[in-house]
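Chemist: Next up is a structure, given as structure tokens.
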Amino acid sequence: MGMNIPGLLTSAGINISICAVLLSLYSVLSKQPSNASVYFGQRLSQVRTRRNERFSLERFVPSPSWLVKAWETSEEELQSVGGLDAVVFIRMISFCMKIFSVAAITCTCLVLPVNYYGKELEHRSIASDSLDSFTIGNIGEGSKWLWAHCLALYIISFSTCILLYLEYKSIANMRMAYIIGTSPNPSHFTVLARSIPWSPEESYSESVRRFFMKLYPTSYLSHQMVYDFGTVRKLMNDAATMYKMLKNDPIEHIGSNCLRCGLCRGSKTSFKVLFEPESARWGRDPVEPDLRDKECPAAFVFFRTRSAALTVSRALQSSNPMLWVTNLAPEPDDVYWRSLQLPFGQLWIRKIATLLATSMILLLFILPVTLVQGLVHLDKLQTSLPLLRGILKNKFVIQIVTGYLPSVVLMLFLYIVPPIMMHLSTLEGPISRSSRKMSACRKILYFLIWNVFFVNVISGKFLDKWGIFNRPKDLPNELARAVPSQATFFTTYVLTSGWASVSSELVQPFALFYNFMSRHVIRSKDDASYGPFAFPYHTEIPRVLVFGLLGFTLCILAPLILPFLLVYFFLAYLVYRNQILNVYVTTYQSGGRFWTIVHNTLIFSLVLTQIITMGVFGIREASIASGLTIPLIIFTLLFNEYCRRRFQPIFQKNPAEVLIDLDRQDEQQGRFGEIYLKLQTAYCRFTSSSTFSRDDRLSRSEKSVSHRPGL
């Protein structure tokens, strides 16, 4: 027997109370000047303002002003602050709001009444009925009312494809505007060359110059070698720490003799930077001879035009494909320097190892998820463990254990997943930070889809039929039987892992605790000790997409989940807009490439819904409705193939037509000389204008995120 309405309302009441408390708490805490570094890291990164420490009663009264600001902010302002990736993320949430609004209206009018009155049962009152009475499981076999579900499936499927096409087209246009608008972008002129062959007669730098001068004499400009600077990075970090100490507590006659590292060529009174733009000359190696033994077989090669760099990046440079591997370079702030030091021939082994490790993690989490399902099916556990019968006599305790505790336990288990997946993505050797985050995003998404959906469904059935895994051919039919029975668990999962977690994201409890300890226990005066940090797209995108998967698969089978999903998406829409505007700092971005992950996952969710619904129709002996689902599946797959050919290449490669037009414009306006000067320092790992190292600055930003639970 499934949960009834009071049990669902108990879970909803607990989460509504948690959300109300957290939203009110945020409204008060964000007004406190001491929390400015927690809730306004984005603004503090742009300008430092003097805080008003005077007492004011208004600071301790909750207000909805942040909601109004988040709602009224335009998409252009959002993009100027968070970049195109932020717009893509918010577009994903708004798309879910649109499509599930259509689904809610359709299913409320067509599906829900049919489900409730599907069997000729005597419904005494809605409050006493099980939630199973509102699912497709309440419809008898061979019922003519299954046509309502088939019609609703067609309406939702066509609406999804139309809205997806419009979103994909719009974001593709924004992607093109991003490529044009960021001009002159150093990455358009730069090719990353890896797997440079070693020669005992000359250095890597000389090999690069000789090779590209031979093949591209008219378009080759210069190059910048990648160096193994593990020891240098440590020295830079130590120097940065000492600089902060001296800045906060200046003492005379110490600054002139503090530290010199092996990169210094200036006087004792200053830190030396590795590259000096004033003295740099194209065509000669700006690195001292004693640093040539630290050269890595990788280099950033600069070309005179964008079209030349694009041509080189797509060409096979050598008869041996494992040598002189070229790709368009990432943007300067997006470069992941540590991976560039890895041997190129080692990368395929790393990818296989991370694939095996990810698969092992997926399998290991079957045990805790099965444990969670045991809490949902207490009747089966009480049969196996009679000791629980005396403990679980109270109805309120049963409602808490079955309606709230399972999803909380699952959410706690999932906290350790994001750091593990980010570490595995790092081991793969990505050349950019955005590609590393996209790889982690895919891994977390696969993990959530497998464990939150499939394993929960199958493990719930596993408690009934232990031999289900020994009969893989029966899995589709078993999936069609099991999904409606798990509607209760997924509904409560939306409440606990959806509503409460979004409110927790707003309050930033870990950053708040860190800030409190730093200010009142350690007595630190540095406001930015915890951040600012970058937006965790690799954790938040999978979370939202999994809720979208639940919405698609259950909207026909158990429509009661839709109101709770719509509340979640609306709350997420406001909260994440506020966080992007105020909290997170954008140091690099993928240029909207996350949308390909979003689109493919939404198509997968839609096709999975159609397959499950077709199986349900078959089980309930509605052969005509089941057969009509097959053309719908074929149409959806063809639509996805069209989008893959029409739009996806724009997110993978820069169009030559656009880059050539930009070259012509710059040539007519005489801007190439200025661009070449910027290329001299664009990919310098250590610069005098930064805090000793761009790589270290970005690493600190990402480490703050990697230690925060993102699920």
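Chemist: Residues in the stretch 425-442: is at least one assigned to a helix (DSSP H, G or I), at pLDDT below 85 and crowded, with 21+ Cβ neighbours inside 10 Å?
Modeler: Within the stretch 425-442, not a single residue is assigned to a helix (DSSP H, G or I), at pLDDT below 85 and crowded, with 21+ Cβ neighbours inside 10 Å.
Chemist: Shifting gears a bit: Give me a count of the residues in the stretch 116-135 that are more than 34 Å from the chain's Cα centre (by Cα) and either among the aliphatic types (A, V, I, L, M) or modelled with pLDDT of 80 or more (or both).
Modeler: Of the residues in the stretch 116-135, 3 are more than 34 Å from the chain's Cα centre (by Cα) and either among the aliphatic types (A, V, I, L, M) or modelled with pLDDT of 80 or more (or both).
Chemist: Look through PRO649, PRO631, PRO655 and report the one residue that is farther than 19 Å from ILE136 by Cα, at pLDDT 90 or above and either among the β-branched types (Val, Ile, Thr) or in contact with a helix residue (DSSP H, G or I) (Cβ under 8 Å, 6 or more places away or on another chain) (or both).
Modeler: Answer to the check: PRO655.
Chemist: Tally the residues that are open to solvent by less than 50 Å² (accessible area, probe 1.4 Å) and either over 21 Å from ILE93 (Cα atoms) or not aliphatic (A, V, I, L, M) (or both), restricting the search to the stretch 167-181.
Modeler: Adding up the residues that qualify gives 7.
Chemist: Could you list, in sequence order, all residues of the stretch 324-351 that are part of a loop (DSSP other than H, G, I, E, B) and crowded, with 16+ Cβ neighbours inside 10 Å? Show your work before the answer.
Modeler: To start, the set of residues in the stretch 324-351 that are part of a loop (DSSP other than H, G, I, E, B) comprises 324, 329-331, 336, 341-343.
If the condition is that a residue be part of a loop (DSSP other than H, G, I, E, B) and crowded, with 16+ Cβ neighbours inside 10 Å, then TRP324, ALA329, PRO330, GLU331, TYR336, GLN341, LEU342 are the ones that fit.
Chemist: Taking GLY618 as meeting all but one of (1) under 17 Å from THR182 (Cα atoms); (2) more than 25 Å from the chain's Cα centre (by Cα); (3) open to solvent by 10 Å² or more (accessible area, probe 1.4 Å), write down the number of the exception.
Modeler: (1)
Chemist: Right, another one. Scanning for something in contact with a Cys (Cβ under 9 Å, 6 or more places away or on another chain) and buried (at least 19 other Cβ atoms within 10 Å of the Cβ), does the stretch 310-319 turn up at least one residue?
Modeler: Restricting attention to the stretch 310-319, the residues satisfying the condition of being in contact with a Cys (Cβ under 9 Å, 6 or more places away or on another chain) are none.
Scanning the stretch 310-319 turns up no residue that is in contact with a Cys (Cβ under 9 Å, 6 or more places away or on another chain) and buried (at least 19 other Cβ atoms within 10 Å of the Cβ).
Chemist: Sort out which residues of the stretch 65-89 are in contact with a helix residue (DSSP H, G or I) (Cβ under 7 Å, 6 or more places away or on another chain), open to solvent by 10 Å² or more (accessible area, probe 1.4 Å) and among the hydrophobic types (A, V, I, L, M, F, W, C), and write them in order of number.
Modeler: Matches in the stretch 65-89: TRP66, LEU67, TRP71, VAL81.
Chemist: Might you check whether a residue that is open to solvent by less than 40 Å² (accessible area, probe 1.4 Å), in contact with a Phe, Trp or Tyr (Cβ under 6 Å, 6 or more places away or on another chain), over 23 Å from LEU571 (Cβ atoms) and modelled with pLDDT under 95 occurs anywhere in the stretch 151-166?
Modeler: Checked against the condition, which is being open to solvent by less than 40 Å² (accessible area, probe 1.4 Å), in contact with a Phe, Trp or Tyr (Cβ under 6 Å, 6 or more places away or on another chain), over 23 Å from LEU571 (Cβ atoms) and modelled with pLDDT under 95, the stretch 151-166 yields no hits at all.
Chemist: A further question follows. Can you tell me which residue among LEU153, LEU221, LEU163 is in contact (Cβ under 8 Å) with a residue 60 or more places away in the chain, within 38 Å of the chain's Cα centre (by Cα) and not in a helix (DSSP H, G or I)? Lay out the reasoning, then the answer.
Modeler: On the way: LEU153 fails: not in a helix (DSSP H, G or I); LEU163 fails: not in a helix (DSSP H, G or I).
Criteria check complete, one pass: LEU221.
Chemist: Kindly list the number of the only condition in (1) open to solvent by less than 20 Å² (accessible area, probe 1.4 Å); (2) without any contact (Cβ under 8 Å) to a residue 60 or more places away in the chain; (3) aliphatic (A, V, I, L, M) that fails for VAL521.
Modeler: Condition (1) is where VAL521 drops out.
Chemist: Say whether the condition of being over 26 Å from LEU550 (Cα atoms) and of a type outside the set (A, V, I, L, M) is met by at least one residue in the stretch 604-617.
Modeler: No, that holds for no residue.
Chemist: Then there is this: What is the one condition in (1) modelled with pLDDT under 95; (2) not in a loop (DSSP other than H, G, I, E, B) that PHE535 does not satisfy?
Modeler: Against the list (1) modelled with pLDDT under 95; (2) not in a loop (DSSP other than H, G, I, E, B), PHE535 comes up short only on (2).
Chemist: So, PRO406, is that one modelled with pLDDT of 60 or more and closer than 30 Å to PRO200 by Cα or not?
Modeler: No; evaluated as a whole, the condition is false for this residue.
Chemist: While we're here: Condition check: more than 30 Å from ARG646 (Cα to Cα), open to solvent by less than 10 Å² (accessible area, probe 1.4 Å), over 30 Å from the mean Cα position of the chain (by Cα) and not polar (S, T, N, Q). Does LEU215 satisfy that?
Modeler: In short, no.
The values are calculated or read from the model by the stated rules, or taken from the named source; none is laboratory data. Since this is a predicted model, take the numbers as computed values, not measurements. Please note: Cβ atoms are built from the backbone with ideal geometry, for glycine as well, and neighbour counts cover all protein chains shown. Accessible surface is based on the protein model in full, side chains and every heavy atom, while ligands, DNA and RNA are left aside. Shrake-Rupley method; radii C 1.70, N 1.55, O 1.52, S 1.80 Å.
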